[in-house]
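J.: The structure is given below, and queries will be raised subsequently.
The numbers here are math on the coordinates, done by the rules we state, and not lab data. Quick caveat, the model's predicted, so the values are computed rather than measured. No Cβ is skipped: glycine too gets one built from the backbone with ideal geometry, and neighbour counts run over all protein chains shown.
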Amino acid sequence: MSKSAIKLDSNTITIENYMSKSLYAQYAEEREGVETIEESWGFATFKRLPDHIYLQDVYIIPSMRGQSKGTQLTDAVIKIGKEAGYTRMTTSVVPSTPGSTETILKMIHLNFKLFSSQSDIVYLIREI
Ligand SMILES: CC(C)(COP(=O)(O)OP(=O)(O)OC[C@H]1O[C@@H](n2cnc3c(N)ncnc32)[C@H](O)[C@@H]1OP(=O)(O)O)[C@@H](O)C(=O)NCCC(=O)NCCS
């Protein structure tokens, strides 16, 4: 197999990592159409919807936070979305979950804008 990779500035997320998924990632994809990018230090999940790509979850292990890893995984999903022809990405945050204010501030920093707020879910959107 040729070595291909998603290039992200100085960082690289390997296609091999993207292809060799955990059992849970395989389950989520088969059951819900949720795709996963997994690294040893974190993961991002996303879903291809009809008119936008939805960033479902980003998780970075506590010891690796604040080092732009979350940004790196978000950029990887953006790259996949662009290559698939999407022009918009959405995400959502549940205000009642721990750290939700910090998460929303980070998403705004990453150019997301408020789309709607309803039933304890804040939806955010950005062009990609
Ligand atoms: C949310 C989470 C994924 C962020 O990951 P991280 O690697 O620590 O985030 P980053 O270091 O990439 O920071 C993201 C950006 O937000 C910026 N940022 C951080 N705190 C900020 C704040 N209070 N206000 C505005 N911007 C902020 C950072 O500077 C960074 O931008 P940069 O890359 O241009 O420097 C991580 O904290 C986590 O896994 N939390 C637990 C799970 C969770 O809550 N996930 C989100 C909901 S699905």
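J.: How many lysine pairs in the chain, separated by 8 or more positions in sequence or lying on different chains, have Cα atoms less than 16 Å apart?
T.: Values: K7/K69; K7/K79; K7/K82; K21/K47; K47/K79; K47/K82; K69/K79; K69/K106.
Count of close lysine pairs: 8.
J.: With a/c under 1.5 counting as rounded, go ahead and sort the stretch 23-92 into rounded, prolate or oblate using the C-alpha gyration tensor (a ≥ b ≥ c being the square roots of the eigenvalues; past the cut-off, prolate if a/b is larger than b/c, else oblate).
T.: Details: a/c = 2.27, a/b = 1.29, b/c = 1.76.
It is oblate, given that a/c is not under 1.5 and a/b is not larger than b/c.
J.: Give me the net charge for the shell around I53: Cβ to Cβ below 12 angstrom, other residues only, Lys and Arg +1, Asp and Glu -1. Could you put the intermediate results ahead of the total?
T.: Working: positive: K47, R48, K79, K82, R88, R126; negative: E35, D51, E83, E127.
With Lys, Arg at +1 and Asp, Glu at -1, the net is +2.
J.: What shape does the stretch 5-127 have by the C-alpha gyration tensor, where a ≥ b ≥ c are the square roots of the eigenvalues, rounded means a/c under 1.5, and otherwise prolate means a/b greater than b/c and oblate the rest?
T.: Working: a/c = 1.39, a/b = 1.25, b/c = 1.12.
Cα axes put the stretch 5-127 in the rounded bin.
J.: Further, regarding this structure: If each residue of separation counts as 0.36 nm, what is the full-extension length gain between R88 and R31 once their alpha-carbon separation is subtracted? Could the numbers behind the result be given before it?
T.: Values: separation 57, 0.36 × 57 = 20.52 nm, distance 2.41 nm.
Length gained between R88 and R31: 18.1 nm.
J.: For the chain, what does the helix formula give at 222 nm: sum of -39500 (n - 2.57) over DSSP H segments with n ≥ 4, over the residue count, nearest 500 deg cm²/dmol?
T.: Numbers: 4 runs with 40 residues, N = 128.
Only helices count here, giving -9000 deg cm²/dmol.
J.: Would you mind checking which residues have amide H under 5 Å from Q56's amide H? H placed 1.01 Å from N; only 5 or more apart, or other chain.
T.: Here the answer is T45, F46, K47, since their amide H atoms fall under 5 Å of that of Q56.
J.: Related question: For the stretch 72-78, take each phi angle, set θ = phi - 60°, evaluate the Karplus expression 6.51 cos²θ - 1.76 cosθ + 1.60, and give the result in whole Hz per residue in order, putting x for glycine and proline.
T.: So the J values, rounded to whole Hz, are 4, 5, 4, 4, 5, 5, 4.
J.: With θ taken as phi - 60° and the coefficients 6.51, -1.76 and 1.60, list the Karplus ³J(HN,Hα) couplings across the stretch 52-57 in order, rounded to whole Hz; mark glycine and proline as x.
T.: Values per residue, Gly and Pro as x: 7, 9, 9, 7, 7, 9 Hz.
J.: For R88, which sequence-distant residues (separation of 5 or more, or a different chain) have an amide H within less than 5 Å of its own amide H, given hydrogens modelled in the peptide plane?
T.: Counting only residues 5 or more places away or on other chains, the set is I53, I128.
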